[in-house]
Structure formats: C-alpha cells, structure tokens
1. With the cut-off at 1.5 for a/c, could you classify the stretch A:1-134 from its C-alpha gyration tensor as rounded, prolate or oblate?
2. Please list, in chain and number order, the residues 5+ apart from C:Leu84 or on another chain whose amide H is under 5 Å from its amide H, with Hs placed from the backbone.
3. Quantify how much of the Cα-Cα distance distribution of the stretch A:1-57 extends past 17 Å, in percent.
4. Ranked highest first by average number of other Cβ atoms within 10 Å, how do C:102-113, A:190-201 line up?
5. Cross-link partners among lysines for A:Lys136, C-alpha distance below 30 Å, same-chain residues fewer than 8 apart left out?
6. If you check each cysteine of chain A for another cysteine whose beta-carbon is under 4.7 Å away, which ones come up empty?
7. Hey, what do the phi angles of the stretch A:476-492 turn into as Karplus ³J(HN,Hα) couplings, whole Hz, using 6.51/-1.76/1.60 and θ = phi - 60°, x for Gly and Pro?
8. Two decimals is fine: what's Rg over Rh for the stretch C:306-407, C-alpha atoms, Kirkwood radius as Rh?
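Computed from the coordinates by the stated procedures, all read-outs in this text should not be read as laboratory data. Since we're looking at a predicted model, the values are computed, not measured. Every residue, glycine among them, receives a Cβ derived from its backbone with ideal geometry; neighbour counts consider all protein chains shown.
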Amino acid sequence: MANVIIDGKQLEVALGSNLFEACTLARGELLPHFCYHPVLSIAGVCRMCQVEIEGMPKLQIACNTPVKDGMVVRTRSEKVKTAVQQILEFHLLHHPVDCPVCDQAGECALQEFYMDHGLYHADVDVEDKLRKAKVKPIGRLVMLDAERCVLCARCTRFLSEITGTWELGIFNRGDHSEIDVTPGMTLDNNYSLNTVDICPVGALTSRDFRFRKRVWWLKVTDSVCAGCATGCNMTIHHDQGVAYRFKPRTNPDVNRWWMCDHGRLLYTQIAGPDRLRTPWVRSASGGEPAAAGFDQAYRRIAAWLEQAGPGRKPVLVASPHAMLEEQYALQALLGEQAGGRVLGYRLAGAEQQLADGLLLSADRTPNAAGARRLGMAELSAADLQTHAAADTLLVILDNDLAGLSPEAAQALTGFGLVVYLGTRLDATARLADVTLPGLVYAEKDGLFVNAGGRVQALHAALPAPGEAKPQLALLRDLGELLGHLPAWSTVDDVRSALVARVAAFGALAGGVPPAGLALDAPPEDAAAGAKGGSKRG
Amino acid sequence: MSEQGTTEAAGPGKGQAAGRATASIAGPAGADAAGQTARQTAGQPYAFTAENEAKFQRIIQRYPDKFTALMPTLWLCHDQWGWMRPGLPEWVAGRLDVPLVRVYELLTFYTMFYLENPGRYNLQVCRNVSCHLMGARRIIDHLRARLGVEPGQTDREGLFRLEEAECLGACGYGPMMLVGKDYYENLTIERVDRLIEQWRRGG
Amino acid sequence: MADSARCPKILTANFGVTDSHTLAVYRSRGGFTALARALSSMKPQQVLEEVKASGLRGRGGAGFPAGVKWGFVPQGTGKPVYFLVNADESEPGTFKDRHIMDFDPHLMIEGTILSCYAVNCHDAFVYIRGEYGWLVDRVQVAADEAYAAALLGPNILGSGFGLELIVHKGAGAYICGEETGLINSLEGKKGQPRIKPPFPAVVGFLNCPTVVNNVETVAAVPWIINHGAPAYRAIGTEKSTGTKLMSLSGPVCRPGNYEIPLGLPLRELIFGPEYGRGLLPGIELKAVIPGGSSVPVLTAQEAMEVNLDYESLAAKGSMLGSGGCIVIGDDANMVDVLRVILQFYHHESCGQCTPCREGTGWLDALLERMLDGQGRPDDLQLIERICAGMIGTTICVLSDAAVMPARSFIAKFRSEFEALLPKGDELEDYVPLAVQAELPRSWAEPASAD
C-alpha cells in the first residue's frame, strides 16, 4: 500500500495503482479528462488530467502515473488550473462550437469542463477552421461529426481492444488527424452504440436518439436489460412516461461498461400497437377474443370455475421473462396453496440463439436462472398435451407458448380454460380464453437472476399502459378466484416470503445492492454463465 | 513469423506467369478460403511479380510479426505499382491478415505513401530552413510557374508532380530536390530548367 | 583539447577514400578489428563498461550517456532484447548520419554489432528514413556483404555470438526519429511516440527490452573499443567527451560535415580554414542555430562566445542537439525564418497530444498572418501564451521543439517581429488582450487545497 496526500487529503491506495483513480477518490469527482477510460488502454493524449506532483518539475498526467508511497499531489493549484485552461483553449481552436445544434449538448465533456475551467474570453481567433467530415452516417446507428472530435481515441481503442472489429481509425496526422470509418467498411457491429457512450463530445451520436429529446429533460432509472441471460446493468432514460433510450450502467462483474445494440434497442418495443391495455376475453360460446373490462374477464373465469366444480385441475406454466417474485408467487399461491401443478418455466430449447462471446448470451431470456433456482424445469409441448383436458384450467404467466411452438399452440386448444397473463396481443393471447394485461420489466419493480447466478434489481421507470396491472396483482386476483387469498400484497411482501421460505435465496435477506448479489452458482448456472460470457468485455 | 504466404509462388524464370491472381492471393495459413475470396473480390485482384513475391516471402520470414511486415510490404507495392491503386490496400490487408484500418492509417500518416498517382516525376523540393536560406522559395516558385501546378498537384499529363518537402537531409547543399531515389542538390533555376527539359524528352 | 589538428578522425577516417563503402576497403583500413577483439577477448559487460567509461553521449539530440542507457536493459528476463539503430535523420539542419551511411556503412554495422554484444541482443534493425532511399540500398548491400563474411548471422567470426540485422525503410515522418515513435513505426503503426513509463529499455519494441541509438553514436563504438575509454575521454571536455560530427549549413563558404573535438569554439566551425571558412561574400553573421532547428537560436555575438559542447551551449541557453549548425546571415528576415521552422513542426506533429496538434498549427497560422501584414498588436503575447501551454505538456518533445525556436527568435530578434505588427492605436476596433471581462469562474478552491 502507498500513503499519498492529494489536495491535502491523506489516503491509502494500492502501490502502483493509477493516480487518476486515487485523485477521484480524494476529490470525490473525476479529474478533467477526455481520453482516460478505466478499461481501455492508456492513451495519455488529451492532457487534461495534468496534476502537480511534489518533486517533479513538470505537471504529470495522472492517468499514466503509478502511485508511489509518499506522493504529494495537487489537483486544484493555480498551475494545474492554468494548464487545463490552456488545453481547453487548444481543444476549441478548430472546434465548430456548434452547441445549439449539437445533440451532445447537456452531456458533453467539453461543455462541462469548459464550464468548470474555461477561459471565457476568446483568444481563439483562427479565421479558417479546419473542415472535416460532418453529419456522416458511419453505420446503421452511429453518426459522425469529425469537426467536434477531440481525438481522444476512445472509440478506436474500443473497437480494437474490446470488439476486435477495427472499423474506425484516425487517419492523416497533426491537426489534420481525423476519425473516420475505414474505406469500404461500416460501423455495424452489435456494440456500435458503445462508441457513442464513450465519445466525450458530439463527434459520435446515436442516429436512433439524436434530436428526439434534449437530455436534461430525461429522468434516469436503474434497471437491468431483459434481452438475454447476461443481465447487463442499464439505466432507462425516460420522460413523461416514454422511454427514449437505454444506456449501460457500469458493473465490473457483469457487463463492465458496455451493452449490446440488441439490448439497447429493446426500448422501442415497450410501447407499440400490440401492447395489451385491457383484458381480452373469448365468450363461453366461442369466437374470437375481444377487448373487455376486468369485470368481464373475472366473471368469465369465475363462471368456468363454477361450472367445472371441485374436480377442476389447475396447471401452471411459468416464464423465464417473469420476475423472480412473480415466478415464486405463481408457484406458492396458485401452486402450493391452490393445488396447481407447475409444468415448467419454458418450452425446452425455446429462445436460444448463438452467443457472441462478448455480452450477448445464447439464452435470450433474462430470468431462466431464477426459475431454475425455484426448482422449475423446462417443459415440452407433449407435457402440455398430456394435461390438456376439458376439466383443466391452464394459467400461463408471461410466456408466449403458442408463438414459440405450433405444437404447444395445438395443445392449448384442449384445455377447459386458458388464462394468459400476457403483455402483448401475441399468438397465445389470440388462443387464450382470458388474457389479463400485465407489465413489462420497465414498468415494475422486481428481481432477475442472470446466467451467472447474480440477483439484480429492476425499478419501475414507466407507468402502466391502460388498465394493465402488475402480474403480482393479477396472480393475487386469480388466487382469490380460486379461493385462496394470499398473505402478501406488495412486491416486498413476496420478496420477504421468498427469502424466508426458499433456501437458495436466503442470501437476499439483507437486500439487493445496486450492483446485484451473486448467489452460489449451481453447476448448470456456472456453465451457462461461462457461455454467456458475463464476465468478459 | 507464423504467416506463410502462397506456396505457389512462381520460381525464377516464370516471369509474368506468376501474375495470375489465383496463385498469390492464397493468404496466411489457416485463414479460410471464403474470407479471402471475399477480400479479393472486394478490390481488384493484384499479384506481385515473381521477384517481388520472393521479396515478400523474405519479408514475412524475417520480420517478427505480420504487423512489422506491413511497412516493407507497402514499399514493395509502391515499387511495383508506383502508388496504392484502388483495391491494393485491401489486397495487402488480406495477404498479411491485418485489419484494413491499420493499412489506411499508415498510408495516410506517412508522406511517402500515395493513395493517388504521384506522377512519373515527383519533384519534392525542400522548403526547410537551410534550403530556405539558400533560395528554395525561388526554385519552388519557378517550378509552379513552369509546370503550372501548385504544390501537392500533378500536371495534366501525369508527368510531373510538385511537392514542398520538409528537411531531406541535404542542408549543406541547398536548394535541393528529391526525385525518385535521386537527390538533386545545389539547384539553380537554370539547372532545374535543364532537368525538366531532359525529363520531358523522356529521360 | 579543442585543437582540431590533434583530433583523431573517429567517425570520418574513411570519408573520401575510394570505395570506402565496401567491406574490402573498410577491412583494409582496420575495419572489424574492434569487433574481432571484443568477441575474442571481452565479455559483453566489459564492452558496456568501456563505453560507459568513455563518456560517449547519444548523438541523436538528447545527449544521454550511451553506456548508462545500455545499463538500463534488464538481463535474463526471458524476452529477446532488441537494438534499433536510429537512422531516421530528419532534424532540420542535420545531414551527418547520411554521410556515415554513405561513406562508411560498415563502420555503423561494426558499431551496431559491438553495441548489441554489450546488451546481449541478437536482433537489430537499422531504421533509415524513407527519403534516403539510395542509402537504404547502400546499407543493405553492406549488410549482405557482412552476412557473406560471417560478420552478421548466427555465428559471428566463429565466436558463437549471433546477430540478425534488418535494414528497414521509413516512409516519411519526422516523428519517427523520436525513439518510441520509431518503435511504433517499426511495429507497423503510425509513428506516434509512446507514453512513458514504461521506458523502452524495459518495455520497447514488441514489448521487449529495447535500445535505440543514433547512427553516429554506434559509429563511435569501434574506436572506443580499439583505443580504450581513456583515449576517447582525452578528446573533448570533461562532460562532453570525444568528437562530434557537425553539419554546417546556411550561407557559408564551405558547408558540409565536419568532425570536431567537442569543445571547439563555434566561431572556429563557421570561420576556421579547415571548416566553414566564413560566410559568403557580402553577408554578415546574424544568428546561428547550433544543434538543429529545435534548439534555441544564438545571436551572432553569443555564437562568437560559445564552444560546441553540451555544457557551454546549455550555459548560453541553447543545446548541441543533433549537431545541425545552421548559419543565418543578415540577408534573412527572422520572422520569415521562424515561419519556415514552425511550418515544419506543424507539418510533422503526429497529432496525438492536444497542445502539440493544435499549438503547432496555431503558431504557424499566426506567423503566416504576421508575414501577410495581417498581424495584431498582441500577437507576440498570444504566441507566448500558446508556447506556455505547449512546453512540457506532451508525450514527446516535438511540442517543446517548436516552442524553443519560437521563444528564442522572438526574445532575441523582437524588433523584427514588432516591425510587422500594428500598434494598438492604429486599429479602430482594437481591444487589448489584457482588458477582458473578468467572468465569474466556478473553479472551486476548497480550504484544504493549497
């Protein structure tokens, strides 16, 4: 360990560790910087993080200085202040200063550091600013403005060191140096939008997001991506009930700083014409299902239960998309209490594609590991067929069985009553007798367990659409219809019951921290985690 | 270096026959043939002459890795084709199995690599201090007028290109210019005129 | 000790000898005897100690003691050690390595082998600037001769010591003369200097221990081995031992390369009968750039008082640098000369570090504007501000190399600059730099900070 004094503050950090990080600890905020990034190689080119170190005649860049014992460092001295001012002035020399029409405004490092350290008078009087590429689409999702670029080389380092796809380069030299896409290539790998995240200025912007919302109006809610079993930590950026973008949230143990484009664009599917805003009910006499009120839906269920009498048999299908609390509530309330039989949590082999070796897992569902830890197994269409009978009630939780398998769809028709807790008017909703509208991950609180066995919390960012209700409320209503009122009413109640009753989740008793909580991995999860590459990238 | 190029490189005496694209585009061992075909069709098919192919083989044998072999390979291309014609950077990236961006970064960073035709006679006149003190500006201005081109331009016939060069290490003998591999030192306007006429006549 | 008559020719002994570039002639004049001697009777450490004791300093510009540099190379790491001969000579005013490679390529090769032997290196490169195309050919022919004579290859002179030497051609970039820029270039990258630490002696070419030495530095090694460190130290001054090859250019009667004993008066180099023989008729001495365009300029008077060695020049605020001595006559305008220099650094900035990438271009633009008669009253203050932001703030010293001439030219020849600038009261809309709105700044100075 090394004892250092930074801005008069004494602290102990690892010997040889990065002085930039030590300064962050001491200051409680980052040093001004453009090129430094915790997981990319050190470039040392922006020269913004210069600090004064006692005994050294020149200022040093903190990002490439290993901490030594006894170091005395100043980050706010006049000398440092002047240096940063000068660097910023250099940065503005050929910068177009087009902030009003720049979509980075509000989250631009150049703006922010200039606010803190700028000169605020213009010695910069070069008449002919250098012209470079502007408004150049370099990929399906990324727009380049090379004039705004500060040449920090974060994007090029990301594409060579993290994805290994090498689409962008810095061409020419001196003040003609220019970021651009390699001739004949486009920036279209599944991680392209990360370059937009790490670009400190408006040089790389998201073609999907640009000019849709000024960033200062956006509220930010912590969440977890539902696109695959990796469970990338993310934030939902939303305003007035509408999601505008997903951004990765740093978690060194899961997704580090990154997130794939596939997961990021899932926000576009939250709303949409097929979202269920009311129950859908097929009348007892048959025909196509139609939108209805909850009264009508529950009357339809109650009538069937009445008619089927005490011999009725409820069977249940859970879901790898459902949250852990919902899976548990289905199992405990409709299963154990109401005598239902849980057939499984997903159709065997469904929703599996190729992993990409970086973040995207083969399993494209977010919470299969949660269901497995509750003791649930996969089911087949044949299992459904076996149980299909006129005296049997099938309750499906958030699982589009009919859309995933024609055989399963066929099997659904053999049940006395199919009740579907869904979110969209999908194939299963069209086959079910009663479809109850639920919420998607961005609209409710709950937990996912990722492929590596890490429990992670999601928080409601968006309001429920129409009359849709949390699945827990729907399950509670169904329990009541079956004559079993649960002891819980909120997510927290369910979580407490889960922690108390399922040994696998006992570790959650102390709550779930923002970075999640790793459970001891059962063997099959460890394997799945390795495949999903949740610790890489 | 692990990369071994074509095993079909023409031996001595095969001359232009070695120019068949199929023979020399066989790239690094282990690379899949389909990928190489894709690279090949992305640009024009190129092939080193037998002599240059042998030089290329020696480069990849002597240099420690494929990246270090890149610069000498680009020189070999300039020796054979004069400049990096369209598709040639892609072809080099394929033969060495290096990311294309690395090839273009080098080609745009170094002043002696050309992505456009530098003309038959590329007159690189030093404009740096010592030559400047000895009248380099007069030589450059004279050539601008005489050839009708600005520095960085090639004349209409593609015969002459004029460039202002930085110090070429002939400081005691300025003004001077570099043409091809030859230094022309202690230049006077009369001498420049004689050279231009000689080159116009073809030699 | 600055008596040129008694100065042995260490670097230039074969200059002007017919076919001096051939192995046969080099050997006939005592070539490769130092190598034979070292390989048969000296351990690598002894060669290193001898060079260290000689006081030989790096001749590329920085002047760092060569033996000390070699001593930084960690031994027994399990990684190969690389030795890179820096023949990327491109400091304006410098053309000395060119003559060594042209007239005496085998001297460089012998020095390289000895240097490699000293640091247990078996893989060497000579990185020659691309513009020296004909020298690449010449050195390659010499290397081929040496291979054929078992002076290179797996078993040199039957000693068991082996060395592979690759002659590598650069492609046009001044910055590749900076040692880590050279390493990156050799790795097939843009020649952009690397951040230090790590230093190349430990983590260099291909992440292996690496020594980079100038051509002239290695060319002095054979003589040191043959004659011993004391003989070398007997030449020159206490801290600047041996001889230096000076490139003399500008309007002098006899420009060219001269091997001088370090400590020779600069006046002697310019005016001495064995050297430059004075300025061309009708031209008076105005200034001298003693060590390549990167070093601070000297006035005529300073030039007359200074000796050519590291300490004397440092005492005058300048440097010996690479030995590119540029003589400036009274026919030159100093603003014009500085513009040419700054244009060069603008052209050659690699573009990595912000202050250099932007600052070199800014200075160039200001000088251009000034020469176009469009200068502004505060331009010299502005230039100084830019210089302050550029010096010591970048990965390598290219930025400093632009600042040093800019500052020294303006400091020493200020009137020539002022003559081109309007006075404040000559302009209607002029607001001096000093009169600027003091806008509130949010720079927080917490009580704990100094």
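1. prolate
2. Amide H neighbours of C:Leu84: C:Phe125, C:Val211, C:Val212, C:Asn213.
3. Result for the distance tail: 41 percent.
4. Sorting C:102-113, A:190-201 by mean packing, highest first, produces C:102-113, A:190-201.
5. Reachable lysines: A:Lys213, A:Lys219, A:Lys247, C:Lys189, C:Lys190.
6. A:Cys23, A:Cys49, A:Cys63, A:Cys99, A:Cys102, A:Cys108, A:Cys149, A:Cys155, A:Cys199, A:Cys228, A:Cys260
7. Rounded to whole hertz, the list is 4, 4, 5, x, 4, 4, 8, x, 10, 7, x, 6, 9, 9, 10, 4, 4.
8. 0.98
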